[in-house]
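To start, the structure itself, in structure tokens.
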Amino acid sequence: LFPPAVRGSEGLYMVNGPPSFTESTAFQRVSGKNCKAVAFSKDGSLFAWCNGEKVNVVNVTRAELLHSFDLPKTICLEFSPKNNVLATWQAYATAKDGTAGVPNLQLHDLRTGKCLKSFMQKKMQNWCPCWADDESICARNVNNEVHFFENNNFNTIANKLHLQKVSDFVLSPGAHPTKVAVYVPGSKGAPSFVRLYQYPNFGGPQSALANKSFFKADKVTMLWNKKATAVLVVASTEVDKTGASYYGEQTLHYLAANGESAVVQLPKNGPIYDVSWSPNSVEFCAVYGFMPAKATVFNLKCDPVFDFGTGPRNAAYYSPHGHILVLAGFGNLRGQMEVWDVKNYKLISKPVASDSTYFAWCPDGEHIVTATCAPRLRVSNGYKVWHYTGSVLHSYEVPAEEEMWQVFWQPSLDGVFPEKAVKYQAVPSELPRAEPRPAQAYRPPALRNKPVTSSKLHEDEPPQNMKTHLGGSEKPLSKTALKNQRKHEAKKAAKQEAKADANQGPAQDKTPQNALQNAVPAMTTGDPEVDKKIKNLKKKLKAIEQLKEQAAAGKQLEKNQVEKIQKEAALLKELEDLELGV
């Protein structure tokens, strides 16, 4: 299997994938703490790193050094999709006399080793040019315009997309023709908008494939699905003006390449933590709402398909084949994971990876790596390789004085690993199963010797299949309708329970009154006044029965309660007389 690479204060090295997990001899360990940037090519065949002196590129399979570039201050590296170009970025610096700095973004031809082009790129954010998967187009944002180059010819700008102020853009994945999603932030009362274009048709708003405008957006995240038929847009504001959320305010929008657009209605208020497309491109999962967060799978009509209920989670990760979904709570949550079979919506396992700062699926769709890395956490750095059934197959923790900065799988192209049937039984492992210690709630000294009572702040909502829940109807029920439906179902269940109890009768008659009530359960005299008196007497006798039970349990009764019990015989006689019509 493809190995993970590890970068930290112990150096840069590769580990053989499952099942051996020994250090790879194909890649010579780079010792020292100067390794600031690493990158695999998209197909996993090439690997580049900067050791503080040079940028080296090796062929991983042949363990052969291909190129060495004299760029000691490189802090970002990226391969083009077909391995023709290596992009490197160094921090931009002006000269001491205040004159403009030298170009700091270089594009290198990996066949010849020559520098194809150098650009000035001041900001680290979105530093790397974006390529279409076939490398027919390459694009970069320059002064709020998107410049397009064709066939890696960077000396000629083949096309420009000029809108008011393009803040961000994303090229669609997959085959030609390439589509472009662009975001323009709002200004002076005008709304922000996202537009979809098909390259090279950029002739104004009429040429756009789809358009969606919204007011509440300081920044957006645009996510294409794998088939390039739709984009999900998470629009965020830095500040929630209602004061309800520390995270600002988020909304989720859907744009299709055929011109359709919609706001995705999320049933719970609160932040949107994560949105993830299924690799099948027809479903997506959103994790949202104040904790405990909800997670829901939606279809392309933005209707809910399956609701996972609520839980401690803030991330969703589909496996490369799309058959398994992991819902996880990392960061300020405890690292609980739920692994779901998405085809049958069955829970496979619930592993816990405490203090994790990183999660990634292996390209085989079977294994997962979780890691605790610096600088996010500087203690207990290390990584674990899991099977999705919950077994820990390999665990490594760095020595106390060392740090781990990065762990990542060697990528592979789609189709290298075939999809396998989902397993529910945990795969065997030599390591003990990671059982988390149950967290004990604080109990004050006065309550420590008393029985524990449940004191949940909130009840978790259970998962529910929205397709069957909605009876096959297209439109989902509103919150109120769902609430009323649950109430109605609870009442119905209570009625059926009461009916069953009445049919069975009590196992043991406690008093003659019980016997009388069961013998004549719904007797009426025909006189409403008498029926009312009978009802009141039965009510009093029931209260007396409860008091007698309390006294038997050892409870000290009040004087008036004792007097009530003493009146039982007289009340029974009165009830009997009324029912017999005396």
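The values are calculated or read from the model by the stated rules, or taken from the named source; none is laboratory data. Since the model is a prediction, treat every value here as computed from it, not as a measurement. No Cβ is skipped: glycine too gets one built from the backbone with ideal geometry, and neighbour counts run over all protein chains shown. SASA here: full protein model, heavy atoms, side chains in, ligands and nucleic acids out. Shrake-Rupley method; radii C 1.70, N 1.55, O 1.52, S 1.80 Å.
Structure data summary
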{"item": "For Ala37, net neighbour charge (Lys/Arg +1, Asp/Glu -1) across residues whose Cβ lies under 13 Å away", "result": "+2"}
{"item": "Qualifying GluC sites (Glu not before Pro) in segment 171-264, DSSP loop, other Cβ atoms within 10 Å at most 12", "result": "Glu238"}
{"item": "Surrounding net charge for Asp133, when Lys and Arg each add one and Asp and Glu each subtract one, Cβ distance under 10 Å", "result": "0"}
{"item": "For segment 407-420, Karplus couplings with θ = phi - 60° (6.51, -1.76, 1.60), whole Hz, Gly/Pro x", "result": "9, 7, 6, 6, x, 8, 6, 4, x, 5, 10, x, 6, 10"}
{"item": "Subset of Lys226/Lys268; Lys294/Lys343; Lys179/Lys227; Lys160/Lys212 violating a 18 Å alpha-carbon distance limit", "result": "Lys226/Lys268; Lys294/Lys343; Lys160/Lys212"}
{"item": "Where segment 264-352 is the region considered: accessible area per residue in Å², 1.4 Å probe", "result": "32"}
{"item": "For segment 133-263: span of alpha carbons on each principal axis (Å, largest first)", "result": "50, 30, 27"}
{"item": "Within the accessible area of segment 1-113 (1.4 Å probe), percent carbon and sulfur", "result": "50"}
{"item": "Spherically averaged projected area in nm², based on the convex hull that wraps the Cα atoms of segment 79-121", "result": "3.3"}
{"item": "Convex hull volume of segment 536-581 per residue (C-alpha atoms, cubic angstrom)", "result": "61"}
{"item": "Size-normalised alpha-carbon gyration radius of segment 304-417, reference 2.2 N^0.38 Å", "result": "1.09"}
{"item": "Distance histogram in 10 Å bins (all Cα pairs of segment 34-128, percent per bin)", "result": "17, 49, 27, 6, 1"}
{"item": "Exposure rank, largest accessible area first [Leu107, Leu377; 1.4 Å]", "result": "Leu377, Leu107"}
{"item": "Where only C-alpha atoms are counted, convex hull volume of segment 264-352 per residue in Å³", "result": "83"}
{"item": "Theoretical FRET efficiency, 1/(1+(r/R0)^6), r = Cβ-Cβ of Glu419 and Asn258, R0 35 Å, to 0.05", "result": "0.75"}
{"item": "Share of carbon and sulfur in the accessible heavy-atom surface of segment 317-437 [1.4 Å probe, %]", "result": "51"}
{"item": "Accessible area (Å², per residue) of segment 133-263, counting only protein heavy atoms and a probe of 1.4 Å", "result": "48"}
{"item": "Charge tally in the Cβ shell below 13 Å around Arg376, where Lys, Arg are +1 and Asp, Glu are -1, Arg376 excluded", "result": "-1"}
